[in-house]
Amino acid sequence: MTEPVIIPASEKHTTTKSQMIVIVNFSVSFLHGLDDIGKTWFEEFNTFDIPKCLPYMKFVFPTASIMKISKNNGEEMTSWFDIYGFDQNAKEDQESIEKASELLNCFVEAEIKNGIPVEHIIIGGFSMGGAVALHTALISSYRFGGVLALSTWLPLLTTFHKTLVAGDKKVDLPILHCHGNKDSIIQLNWARSSEDAFKRMGFKHHCLNAARTSSQSEDECNALRNKSAPAIIPATDEQTATVIFLHGLGDCGENWYDAFKIYDIEKNLPYAKFIFPTAPVRKVTLNMGMTMTSWFDIRGLDQTVKEDQVGIEKSSVFLKNLIEEEITNGISSNRIIIGGFSMGGAIALHAALTSPHAIGGVIALSTWLPLASTFPNALTSSDKKVNLPILQCHGTQDPLVQLKWARLTEQGIVAMGLKRYSFREYQNMDHSTCDREMQDVTSFIVQHLPKMD
């Protein structure tokens, strides 16, 4: 096999750990499609200045071996596996798919030996290359930092369990699945079938972005994709309370709607309405400028990185407007709880501390207080926010929003004088949720939104 083309990291990314400066490395391995070479995607990434956006990241672009392709009348070309037909019912080359998957896993292991943490490694590919990346992510013993799946599908679908076990860390694997709605080779409905499979398996962070048609203008596309209606669990009794919960990066409201349903949270509060908005789609600097649902831009996973103040404040206003709508509909502000996961929790904390209303509480999961320096060191004793109930939850093994970052938020909130703040830590939990955490969330909501006589 031809040696892979590599874009080396041009800078060292550092973070502070136990008062020591630590060098943190990142890597992306990306596989090309049929009859292509790694250099093509090397040039594509350079064209869009992706390495310049992420100078601390190494990019690896392997080239497949040459083999005969049945679909192309036995013609020889670079390919990760044989193609018998472009139809979901066509026979698949299981042996070669698994062999290519093992090869990609070897690239990952080489990066790990070079000192790159597995959670800092993203794998991906285009078309059949993306198929190999998805397959690798599901069969590997490693839980990667993410998967980029462009114009592709999940191969050997029937070989996977219909659902993953609750303790499988892969349920929190971020997957960005992008597809054109006019793809004549790998049709969109094929990608949709893969999307359905990921949902059934229980993946929480699989996001399928279907590109617009050429006849749609950029403005039309933005209008359509930014108008995703929130997922709502309506009150089954007379509504006297509301819970608004924001998802994390690359996710959607429906996934947290499903999570609340799984834990029967709404059954404990038949008088409450639950609202799960979906963020607009935007380019995210940390993820190589890829477009995905996001409440604001993320430039890095380090406290020293500049924050997207405009984006944070805009999303905070959006959440505060949802609060105003509920108040207009007759719900008292102290009967409204807001919350979120990761960046969604960051927006909830910011909105709660900048809202003119004394709301019922905040649920902050795997998150931090953004724009911390813009808040006073201490609230005045007359400020109603000193009695704001806040439940902040975090996993001890979170590799993305590290526990020490959450602890700094704890210090800041306690210093401000908030009297009803609670921090919960969950052993061995990464950037995800767990049964005990969701039980604590349920208890918090029931406690602060009791049934009215």
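Brief remarks follow.
- Hits in segment 404-427 (condition: assigned to a helix (DSSP H, G or I), farther than 17 Å from VAL305 by Cα and of a type in the set (A, V, I, L, M)): ILE413, VAL414, ALA415, MET416
- Among the residues of segment 1-50, the ones that are surrounded by 12 or more Cβ atoms within 10 Å (Cβ to Cβ), at pLDDT below 85 and not in a loop (DSSP other than H, G, I, E, B) come to 5 in all.
- Filter result (free of Cβ contacts under 8 Å to residues at least 40 places away in the same chain, more than 18 Å from ILE66 (Cβ to Cβ) and open to solvent by 90 Å² or more (accessible area, probe 1.4 Å)) within segment 85-105: ASN89, LYS91, GLU102
- Taking (1) touching a residue at least 40 places away in the same chain (Cβ under 8 Å); (2) under 22 Å from LYS320 (Cβ atoms); (3) open to solvent by less than 10 Å² (accessible area, probe 1.4 Å) in turn, CYS252 satisfies each apart from (3).
- Count of segment 432-450 residues which are open to solvent by 20 Å² or more (accessible area, probe 1.4 Å), in contact (Cβ under 8 Å) with a residue 12 or more places away in the chain and part of a loop (DSSP other than H, G, I, E, B): 2
- First in segment 316-338 and open to solvent by 10 Å² or more (accessible area, probe 1.4 Å), second anywhere and in a helix (DSSP H, G or I) and of a type in the set (Ser, Thr, Tyr), Cβ under 6 Å, 6 or more apart: ILE327/SER333
- With respect to (1) within 17 Å of GLN303 (Cα to Cα); (2) crowded, with 21+ Cβ neighbours inside 10 Å, the lone exception for ALA348 is condition (1).
- Single residue of segment 276-300 satisfying the filter (crowded, with 21+ Cβ neighbours inside 10 Å and of a type in the set (Val, Ile, Thr)) that is nearest to GLU11 (Cα to Cα): VAL284
- Condition check for ILE390: of a type in the set (A, V, I, L, M, F, W, C), open to solvent by less than 40 Å² (accessible area, probe 1.4 Å) and modelled with pLDDT of 95 or more: yes
- Those residues of segment 371-403 which are of a type in the set (Gly, Ala, Ser) and outside any loop (DSSP other than H, G, I, E, B), in sequence order: ALA372, SER373, GLY395
The values are calculated or read from the model by the stated rules, or taken from the named source; none is laboratory data. Everything numeric in this text was worked out from a predicted model, so none of it was measured. Positions of Cβ are generated from backbone atoms using ideal geometry, with glycine treated the same way; all protein chains shown enter the neighbour counts. Each accessible area value is taken on the protein alone, full model and side chains, heavy atoms only, with ligands, DNA and RNA left out. Shrake-Rupley method; radii C 1.70, N 1.55, O 1.52, S 1.80 Å.
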